[in-house]
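Following: one structure in structure tokens, then a few remarks.
The values are calculated or read from the model by the stated rules, or taken from the named source; none is laboratory data. Fair warning: this is a prediction, and the values are worked out from it, not measured in the lab. Note that each Cβ is placed from the backbone with ideal geometry, even for glycine, and that neighbours are counted across all protein chains shown. Quick note on the areas: whole protein, heavy atoms, side chains included, nothing else; ligands and nucleic acids left out. Shrake-Rupley method; radii C 1.70, N 1.55, O 1.52, S 1.80 Å.
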Amino acid sequence: MKKLIELENLTKEFNGQVVLKGIHLDIHENEFMTLLGPSGCGKTTTLRIIGGFEEASAGEVLFDGIDISKLPPHKREINTVFQKYALFPHMNVHDNIAFGLKIKKMDKSIIDQKVLKILTLVGLENYGNRHISQLSGGQQQRVAIARALVNEPKVLLLDEPLGALDLKLRKAMQVELKNIQKEVGITFIYVTHDQEEALTMSDTIVVMNDGAIQQIGTPTDIYNEPENRFVAKFIGESNIVEGLFVKDFLVEFDGQQFVCVDKGFDEGQEVDIVLRPEDLDIVEVGQGKIEGVISSILFKGVHYEIMVETSERTYTVHTTDINEIGKKVNLDFWPEDIHVMEKMGTY
Amino acid sequence: MKQFRKLVTPYCLWLFLLTVVPMLLIVFYAFTEKGTAITTFSFTLENFTKFLDPIFVSVLFRSLKLGLLTTGVCFLVGYPIAYMIAKCKDTTQTILILLITIPTWINLLMRTYSWISILSNNGLLNKLFEAIGMNSVNMLYTDFAVIIGMVYNFLPFMILPIHASLTNMDKSLLEASQDLGASPIQTFFKITFRLSLSGVLTGITLVFLPSISAFVIPKMLGGGQYSLIGNFIEQQFITIGNWHFGSAVSLILAVFVIGLMALIFMAEKRTNNSVEEEEGGWLSNAKRKKVR
Ligand SMILES: Nc1ncnc2c1ncn2[C@@H]1O[C@H](COP(=O)(O)OP(=O)(O)OP(=O)(O)O)[C@@H](O)[C@H]1O
Ligand SMILES: [Mg+2]
């Protein structure tokens, strides 16, 4: 796929406080890319620089290979769905959506046609004459998306667009947004701090922390092969264990050696090892790899969250099997369940 | 709380005595004429029909013209000032708004006298003109002087509500507009100005209504020949002593003002309706600001 936007060494300071520490990022055509990270890590700032609402302190934003750092927002082929929608309160739904087209001086008949088409796409075909204040949060949200989409931008920026919605509506809108993106075939740059949302919707996830990129990869990559402790912790719960990389395909932790599928680290290097709770199995004593005692059981709806205390630490296990507190058990896992990561400072 | 309720009674009494009674007196005087004895009054409409004389009507229209002109100039000067203040940093804004408010704390007469000393034939401005080798210009007792005085006096009441409506505006709307391809100028007319209309209407109300009935400033800066409805009423009461005719003219003016206010109120309601329920005009905006 062709590169559409390139961020090169993007740096941003606010009154001496560095909030972006040299971001390098390639965004491709038709890609659904998600910026994921905790509050205050610089996601919105990155988006605002791409949109032209904030100027970078250093670095470049390339669009189709051309530096657009100095281009004002209204000249960029980029549209934004703002976090709080920013719908114009003095216009009805139709006029809000038609705003960009009217600026481009299109024919009224073409405008009406396009607005109707996009309203149908977001499921609001009968709402054209409604006043903005007469819409529910989810409807306003969809109007905001329609208003941006109708201009057929090459890139759509979305800043936590589903943040204000309740869980059920959010799930429905996630599916809807993903469908729209596939159907219309444009690049989405999506900001969220909800890792589940990122995992379900994205082609590529960019995990950020403290103004720096931690990892770029597909949802599966990010989930299964977190590159460091921060990513592993941020993407779902994890058992993170300090260990030693003995040699290719062999690691040591909790005083034992285990076969794994990782290679390429230095022999004897200290590493972090991730064991996902859902990858661990609870088996009878003598049939598994690590001995322990069940110390607590929590019902989580679909599965049980079980704490197994071993001589070294407490492991979290997710399982649908029924167990009882105080029982002596073994923990079992496959070589491919062991994820070895570069050791970085503790987060 | 209940035992305090009685304390309100004297207040209501004073309110009645000081505002309602004088109003009733004006209505009473307007519809009566003096009889032979001091205590005999008879009902008449003559005070009103007398006002229909073209000479008097033209006084009313001259007042309206001055009011319109003052309001127009106040708007043209005040809007850009309010806009520029709203663009400043928060602390700068507070200082500038204070600077605009302070003159209104000073007595109107003193402020107007200072304009006399600036505009008069050997005043500050003419001294300046002479110093740079220009002929002195006769400015005092002209329309120009009156307008200057009026605008100077009423400008804060135009700037403050417009400024309030501008600062209350959601800034992300401006970004959204530019995001959708509107240049800064297009954004100003399509979004900023449109959403500040309620402030503009409040400003117009606060400037236009009092400026129709102004009489001190026109008298001091326009000289004696400047007869306006305010001067006219003052004359009837103080110089001529015809309280009946004076009251009738006051009443006519009051009805005029109430009518205009109703018009403005309706216009404001229309803009507000389409600007979402939450933007309740200038007063509620100002209140909300204070709470913050
Ligand atoms: N206009 C500004 N002036 C000063 N500091 C700012 C400004 N905008 C953002 N910051 C700071 O920059 C950092 C990154 O902010 P940003 O809004 O990009 O975070 P975010 O990742 O979007 O967080 P959230 O998930 O809470 O929206 C924060 O520490 C914030 O305080
Ligand atoms: Mg943000």
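Numerical summary
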quantity: Hits in region B:224-251 (condition: more than 21 Å from the chain's Cα centre (by Cα) and not in a helix (DSSP H, G or I)); calculated: B:GLY224, B:GLN225, B:GLY241, B:ASN242
quantity: Qualifying residue in region A:77-93 (condition: at positive phi and without any contact (Cβ under 8 Å) to a residue 12 or more places away in the chain); calculated: no
quantity: 1 or more residues touching a residue at least 24 places away in the same chain (Cβ under 8 Å) and surrounded by 11 or more Cβ atoms within 10 Å (Cβ to Cβ): qualifying helices (runs of 4 or more DSSP H) within region B:1-93; calculated: B:21-30, B:46-51, B:54-87
quantity: Leading residue by the ranking (surrounded by the most Cβ atoms within 10 Å (Cβ to Cβ)) among those in region A:1-22 that are aliphatic (A, V, I, L, M) and under 27 Å from A:GLN174 (Cα atoms); calculated: A:ILE5
quantity: Of all residues making up region B:190-222, the number that are over 18 Å from B:ALA262 (Cβ atoms), away from every other protein chain (no Cβ under 14 Å) and open to solvent by 10 Å² or more (accessible area, probe 1.4 Å); calculated: 5
quantity: The one condition in (1) in contact (Cβ under 8 Å) with a residue 12 or more places away in the chain; (2) within 14 Å of chain A (Cβ to nearest Cβ); (3) open to solvent by 30 Å² or more (accessible area, probe 1.4 Å) that B:LEU251 fails to fulfil; calculated: (2)
quantity: Of all residues in region A:293-347 being in a strand (DSSP E or B) and of a type in the set (Phe, Trp, Tyr), the one that is most open to solvent (accessible area, probe 1.4 Å); calculated: A:PHE299
quantity: Residue tally, condition aliphatic (A, V, I, L, M) and more than 7 Å from chain A (Cβ to nearest Cβ), over region B:162-189; calculated: 6
quantity: Selected residue (criterion: nearest to the other protein chains (Cβ to nearest Cβ)) from residues of region A:147-162 that are open to solvent by 10 Å² or more (accessible area, probe 1.4 Å) and within 12 Å of ligand 2 (Cβ to nearest atom); calculated: A:ASP159
quantity: Extreme residue, nearest to the other protein chains (Cβ to nearest Cβ), among residues of region A:105-116 that are without any contact (Cβ under 8 Å) to a residue 12 or more places away in the chain and of a type in the set (Lys, Arg); calculated: A:LYS105
quantity: Filter result for the condition that a residue is more than 22 Å from A:THR319 (Cβ to Cβ) and of a type outside the set (S, T, N, Q), over A:VAL274, A:VAL285, A:VAL246, A:VAL241; calculated: A:VAL246
quantity: Cross-chain or 6+ apart pairs with Cβ under 9 Å, region A:20-49 first and not assigned by TED's automatic domain parsing to the domain that holds A:ASN79, then more than 7 Å from ligand 1 (Cβ to nearest atom) and open to solvent by less than 50 Å² (accessible area, probe 1.4 Å); calculated: none
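Conditions tested, residue by residue: (1) crowded, with 17+ Cβ neighbours inside 10 Å; (2) assigned to a loop (DSSP other than H, G, I, E, B).
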site	(1), (2)
A:CYS41	yes, yes
A:THR45	yes, no
A:ILE49	yes, no
A:PHE53	yes, yes
A:ALA56	yes, yes
A:GLY59	yes, no
A:LEU71	no, yes
A:ASN79	yes, no
A:GLN83	yes, yes
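So that you can scan it fast, the table gives a plain yes or no per residue for (1) within 16 Å of ligand 2 (Cβ to nearest atom); (2) open to solvent by 70 Å² or more (accessible area, probe 1.4 Å):
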site	(1), (2)
A:ASN209	yes, no
A:VAL241	no, no
A:VAL246	no, no
A:GLU252	no, no
A:PHE258	no, no
A:ASP262	no, no
A:VAL271	no, no
A:GLU278	no, yes
A:GLU284	no, yes
